[in-house]
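S.K.: Let me give you the structure first, and then I'll get to my questions.
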Amino acid sequence: MLTAQLLINALVLGCLYACIAIGFSLVWGVLNVINLIHGSFIVLGAYLAFGLYQWLAIPPWYAWVVAAPLFFIVGYGLQRLLLNRVITAPVLVTLTLTFGLDLILNNAMIYAFKADYRKLTLRPPLGSLSLFGVVVPVDRLIATGLALALTGVLYWLLRRSRVGRAIVAVRLDRDAAVLMGVNVKSIYATAFGLGAALAGCAGVLMALIFPISALTSSSYLGKAFVVCVLGGLGSVSGALAGGLLLALVEGIGSATIGPSHATTLSFALLIVFLIVRPQGLLGRKGFE
Amino acid sequence: MLHPTSQRFSLIAALAMTAVIGCGASLARAADVIRFGAPLPLTGPLAPEALKQQQGYDLWAEQANKAGGISVGGKKYQVEIVYVDYQSNTPRAVQAAEQMITQDNVNFLFGAFGSGAAKAASTVSEKYKVPTLAATASSSQVYDQGYKYLFGTFTPNDTLTTPLTEIIRKQAPDVKKVAILARNDLFPLAIAQEMDKSAKANGLEVVYFEKYAIGTLDHSATLSQIKSLAPQWIFITGYTNDLLLVRKQMVDQEIKASVVTMIAGPAYQDFIEAAGQSAENLTSASWWHPAERYDGKDIFGSTENFVKLFRDKYHSEPDYGQASAAVCGALFQLAIERAGSLDHDKVRDELAKLDVVTFFGPVKFGANGQINSLDPPVFQIQGAKPVVLFPPVIKQGELKLGVN
């Protein structure tokens, strides 16, 4: 019974991790930008959901409708106005820029919302489902559904839509894409906007599950980073695979060698992957 | 009409004059001011706790200055607190303390936040023989260094766990198995180890004792394991964020127990508000509680008056960190006034001699500098409010069993 519970825990947690990482993976894979502001976007999304529920009684599943376009616009603007200026510079430059932007956004959030921890508590709570003694919280089930849906939508977008195909084209060969008449700057901004929108949506969901504070942004960023390396860049389903693998390793590690070593185990796995399989589980060569 | 050159000259002369007068004024001011140095982690992961501690110092300084200042041998001195942010980085706390003594010329020091940083920074204040009051250091390792100038207002960690265990033993005889989960951090781990000791000393079986890493995002695997062991008492340590997360996941996994204790979250109002219904019947212990009723000889007087002043200024309920910071200021004031001097050794001797009731409780320091006169309260969240169970003098209610 305990084993079944541990596996279910890992499965839903893995999907949660995939939600956190999917936007990060897109931006890294397409723009080759390690977007350090990602964690703060997630926290901002969580605050948005909290505010909408607390003051306007809008439940989180409707908050997505507000969060997605809002974060897309912010992300698009940020890329267009700032990041595009240094996008061709070495990766360290964009890393430093997003690091700086993250410091500004994070401290602005601490200033605006204070460092107190908040919690979005639904009235009535969503509760848990219990089946043969195995318990699954409903909010995490929703996260699982959302992770699968986001992966599906992104997959469809990149494969079937015109914008998506342009994104893939730019990723594969920037110069050839320019020659084919693709507006690269606009495509970059669109991809970054999409990444931000995914972060915002993930944040809305995290508000249901985790305490909300600007101080948690680095935890989200850390998880996103590990998931991307494990799952592989340049692959939509990589985030899902990476998330599941990470959650499984953490769960098993926590149950066998103790919770304080679960993180050590996941980072050891990260190092092994970087050495043995730098492209990740589902990544393609050339994107590592 | 003045010539442009002489116009410029008169402007410069005026500026110079202002500067000289300004300097003179600030020198005069500096002479009538007592400067207290407070190294705090105002940014970084410990910022929430540090900002609270700062509120305590500020409230004291404001009250002391409102009353005309600290009186030293018949002369009144204004209080000024010098803050340096050490960015949650302990080595920087040591540098900050040294900088305050050698460059900012502070007269006295407050300890850095928590046991670890307070211990590290105390080497500097001892070297320069500057009396230091640590507001948030409880671990005995801070005080067993044989230092003469360091004093602290938190009793050792076991004074929190022992009364709690005794209450549970007496009032919940069905509690036999205890599970302990601790944040792998100096204070949370130390308090968990004390809990382990006091549980075993009281004949309880510790079925689970594990640590979780700082920054853990998910406790589901750990909690599933605890659930499978069916303990009647679950004891979890950490800070607000960790404990809110663990509590939420306990509800998610439908983990129930007769007693659930969390240290230090439930002592903070933001924890109670954020946890909502799930905070009900959680037990905890801390060094001070707003429900206490002491009639003090310090500047704040009664506990009620302190709570009122705090509410008026910050529009929130004070917790033990804020109260401890404020009482440290008030104790310095008492010691300086009794010494009638700003001399470091005289003030140090008065601190060592103190035996006084304050709004925080009775204050008397042991030979090692750590307070030994407090009975830290044990309390339980009932109806979204903390209800004191111990000590008997300020008891407000009975222990309720069952946390769902």
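S.K.: Which whole number in µm²/s is D for region A:34-180 by Stokes-Einstein, with the Kirkwood Rh taken over Cα pairs at 20 °C and 1.002 mPa s?
M.R.: After rounding, the answer is 116 µm²/s.
S.K.: Let me ask something else. Going by alpha carbons, how many degrees (0 to 90, nearest 10) lie between the helix axis of A:184-209 and the longest principal axis of chain A?
M.R.: Tilt relative to chain A: about 10 degrees.
S.K.: For region B:257-315, what ratio Rg/Rh do Cα atoms give with a Kirkwood hydrodynamic radius?
M.R.: 1.07
S.K.: Residue by residue through A:249-255, how many Cβ atoms from other chains fall within 10 Å of the Cβ on average?
M.R.: 4
S.K.: Oh, and also: Taking a quarter of the surface of the convex hull around the Cα atoms of region B:105-161, what do you get in nm²?
M.R.: Taking a quarter of the hull surface, the average projection is 3.7 nm².
S.K.: Now for a different question. Please arrange A:Ser254, A:Ser237 by how many other C-beta atoms lie within 10 Å of their C-beta, fewest to most.
M.R.: Placing the least packed residue first, the sequence is A:Ser237, A:Ser254.
S.K.: With +1 on each Lys and Arg Cβ and -1 on each Asp and Glu Cβ, and nothing else charged, work out how big the dipole of chain B is about its Cα centre, in Debye to the nearest 20.
M.R.: Working: 37 positive and 40 negative charges, 70 e Å.
In debye, rounded to 20, chain B gives about 340.
S.K.: Continuing with the same structure: Cα-Cα over 22 Å: which of B:Lys176/B:Lys400; B:Lys177/B:Lys200; B:Lys364/B:Lys400; B:Lys52/B:Lys119?
M.R.: B:Lys364/B:Lys400
S.K.: I would also like to ask the following. Can you give me the angle between helix A:91-113 and the longest principal axis of chain A, using Cα atoms only, in degrees from 0 to 90, rounded to the nearest 10?
M.R.: For helix A:91-113, the angle is close to 50 degrees.
S.K.: Dipole magnitude of region B:47-103 about its Cα centre, charges +1 at Lys/Arg Cβ and -1 at Asp/Glu Cβ only, in debye to the nearest 20?
M.R.: About 220 debye.
S.K.: Also: Let me spell out the model: positive unit charges on the Cβ of Lys and Arg, negative unit charges on the Cβ of Asp and Glu, origin at the Cα centre of region A:22-216. What dipole size does that give, in debye rounded to 20?
M.R.: With Lys and Arg at +1 and Asp and Glu at -1, about 300 debye.
S.K.: Oh, and also: Give the longest segment of chain B that steers clear of trypsin sites (Lys or Arg not before Pro) in DSSP loops with at most 15 neighbouring Cβ atoms within 10 Å, not counting the sites themselves.
M.R.: Working: sites that count: B:Lys129, B:Lys148, B:Lys176, B:Lys256, B:Arg293, B:Lys297, B:Lys395.
The answer is B:1-128.
S.K.: Nearest 10 degrees, 0 to 90: what angle lies between the long axis of helix B:303-314 and the longest principal axis of chain B (Cα atoms)?
M.R.: For B:303-314 against chain B, the angle is about 70 degrees.
S.K.: Taking every residue in B:252-261, how many Cβ atoms of other protein chains lie within 10 Å of its Cβ, on average?
M.R.: Details: counts 13, 8, 5, 1, 0, 0, 0, 0, 0, 0.
For peptide B:252-261, the averaged partner shielding equals 3.
S.K.: Could you work out, for chain B, what percent of all Cα-Cα pairs fall into each 10 Å distance bin, beginning at 0 Å and stopping at the bin that holds the largest distance?
M.R.: 5, 22, 29, 22, 12, 5, 3, 2, 1, 0
S.K.: Using only DSSP helix segments of four residues or longer, with each worth -39500 (n - 2.57), what per-residue ellipticity at 222 nm results for chain A after dividing by its residue count and rounding to 500?
M.R.: So the helix-based figure for chain A works out to -25000 deg cm²/dmol.
S.K.: Using alpha-carbon positions, what is the distance between the centroids of region B:204-283 and region B:55-128, in Å?
M.R.: Using only Cα atoms, the two centres lie 36 Å from each other.
S.K.: Next question, about the same structure. Cross-link candidates for B:Lys129: which aspartates and glutamates have Cα within less than 15 Å, leaving aside residues fewer than 8 places away along the same chain?
M.R.: B:Glu98, B:Asp343, B:Asp345, B:Asp349, B:Glu350
S.K.: Here's another thing I want to ask about it. From zero up to wherever the largest Cα-Cα distance of chain A sits, split into 5 Å bins and tell me the percent of pairs in each.
M.R.: Bins of 5 Å from zero give 1, 6, 12, 17, 19, 17, 13, 9, 5, 2, 1, 0, 0 percent of pairs.
S.K.: Could you sort out which of B:Lys353/B:Lys395; B:Lys170/B:Lys227; B:Lys308/B:Lys385 sit more than 26 Å apart by Cα distance in this structure?
M.R.: B:Lys353/B:Lys395
S.K.: If we count other beta carbons within 10 Å of each Cβ, what is the order of B:Glu49, B:Glu210, fewest first?
M.R.: Going from least to most buried by this count: B:Glu210, B:Glu49.
S.K.: Defining a contact as two alpha carbons under 8 Å apart and six or more residues distant in sequence, what relative contact order in percent does region B:163-264 show?
M.R.: It comes to 32 percent, rounded to a whole number.
S.K.: Follow-up. For region A:153-281, restrict the atom set to alpha-carbon positions and state the Rg and Dmax in Å.
M.R.: When restricted to the Cα atoms of region A:153-281, Rg and Dmax are 17.5, 56 Å.
S.K.: Where in region A:191-288 are there trypsin sites (Lys or Arg not before Pro) that are in a DSSP coil and have at most 16 other Cβ atoms within 10 angstrom of their Cβ?
M.R.: Listed in order of number, the matching sites are A:Arg284, A:Lys285.
S.K.: Which whole-number percentage describes the relative contact order of chain B, with Cα contacts under 8 Å and a sequence gap of 6 or more?
M.R.: 16 percent
S.K.: Here is a follow-up. Quick one: divide the alpha-carbon radius of gyration of region B:143-283 by 2.2 N^0.38 Å and tell me what you get. Kindly include the intermediate steps, with their values, before the conclusion.
M.R.: Working: Rg = 15.3 Å, N = 141, 2.2 N^0.38 = 14.4 Å.
Computed over Cα atoms of region B:143-283, the ratio equals 1.06.
S.K.: A:Phe132 versus B:Lys256, label points 7 Å from Cα toward the beta carbon: distance in nm?
M.R.: It works out to 2.4 nm between the two label points.
S.K.: Are there GluC sites (Glu not before Pro) in region B:308-404 that DSSP puts in a loop and that have at most 13 other Cβ atoms within 10 Å, and which ones?
M.R.: Qualifying residues, ordered by number: B:Glu398.
S.K.: Using +1 at the Cβ of each Lys and Arg and -1 at the Cβ of each Asp and Glu in region A:22-216, identify which of A:Leu198, A:Val43, A:Leu154 lies farthest towards the dipole's positive end.
M.R.: A:Leu154
S.K.: What value in Å³ per residue do you get for the convex hull of the alpha-carbon atoms in region B:191-245?
M.R.: Dividing the Cα hull volume of region B:191-245 by its residues yields 84 Å³.
S.K.: Please compute, over every Cα-Cα pair in the protein assembly as shown, the percentage with a separation greater than 40 angstrom.
M.R.: Values: 95525 of 239086 pairs.
Tail of the P(r) past 40 Å holds 40 percent of the pairs.
S.K.: Right, something else. Could you give log10 I(q)/I(0) at q = 0.14, 0.17 Å⁻¹ for region B:272-404, computed by the Debye formula over C-alpha point scatterers of equal weight, without solvent?
M.R.: The Cα Debye sum returns log10 ratios of -0.69, -0.93.
S.K.: Moving on. Defining a contact as two alpha carbons under 8 Å apart and six or more residues distant in sequence, what relative contact order in percent does chain A show?
M.R.: 37 percent
Computed from the coordinates by the stated procedures, all read-outs in this text should not be read as laboratory data. What you are looking at is a predicted structure, and each value in this text was computed from that prediction instead of being measured. Here the Cβ is made from the backbone with ideal geometry for all residues, glycine too, and neighbour counts use every protein chain on show.
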